[in-house]
Each structure stands twice: as structure tokens, then as C-alpha cells.
Amino acid sequence: MPDMARDFGVSGQIQRASVSVMSNVAEGFERSHLQEKLQFYNVARSSSGEVRSLTYVIEDNFPVCAETAVQLREQTASTGRLVTGLIQSTERRRPGKTISQLLSFVCQL
């Protein structure tokens, strides 16, 4: 892991993206308008995807960290699914949405 510790580009980016997930969920939760909530939750989901992507970079470039990268990727995928559930739950609270519109939205994911 010493090589990974010296690669400030990858380690810094994964740290920033990880913090972004948490921060955007928190900020979205505090918003009162549904569209604003959804915007922050979508940024959080995107940041989760960025972390997941960076785990492939780590796995490819730092073989000694490969097992840890796979575990992190699995945890990040789980987090992304939770954020997706939060987005779907928020979408269901939109006024005027019909069940068929909601099902259509869920099937697109």
C-alpha cells in the first residue's frame, strides 16, 4: 500500500468523491423542494459511480491493493443502490405522478 499512499491524484480523488456522496445526500435531505432534493441525490449517485470507477484504477495500477479495491467497489455499489432507492422514494412523493409513470421510471434504471 505504500505506492498507493504516494499517488495523491487517485487517493485524493477517491476521498473527494466519497465525501461528495455523503455531503450531497445530507444537503439534499435538508432541502424542502423535491426537485432540489433530487438534484443533490443524483449528484450523490454520480459521485458513488465515480468512486466505483476509481476502484478499477486502483485494482489495475496497485495490485497489492486489489482485494481492498474489490471490497470497496462492492460497498460503493451498495451505497449507490441505497441512493437510488432514496431517489425513487423522493420521486414517488411528486404530486401528480401516476403509478404507470412511476413504474416506467423504475424500469428505466
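The values are calculated or read from the model by the stated rules, or taken from the named source; none is laboratory data. None of the values given here were measured: they were computed from a predicted structure. Quick reminder, even Gly has a Cβ in these numbers, built from the backbone with ideal geometry, and neighbours come from all protein chains shown. Note: areas computed on protein heavy atoms with side chains; ligands, DNA, RNA excluded. Shrake-Rupley method; radii C 1.70, N 1.55, O 1.52, S 1.80 Å.
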Checklist entry - Looking at this structure, is PHE105 at pLDDT below 95 and surrounded by 16 or more Cβ atoms within 10 Å (Cβ to Cβ)? => result no
Checklist entry - Within the range 1-89, which helices (runs of 4 or more DSSP H) (wholly inside it) include 2 or more residues that are open to solvent by less than 20 Å² (accessible area, probe 1.4 Å) and within 29 Å of CYS107 (Cα to Cα)? => result 8-30, 34-61
Checklist entry - Does the range 20-67 hold any residues that are acidic (Asp, Glu) and in contact with a Cys (Cβ under 9 Å, 6 or more places away or on another chain), and which are they? => result GLU59
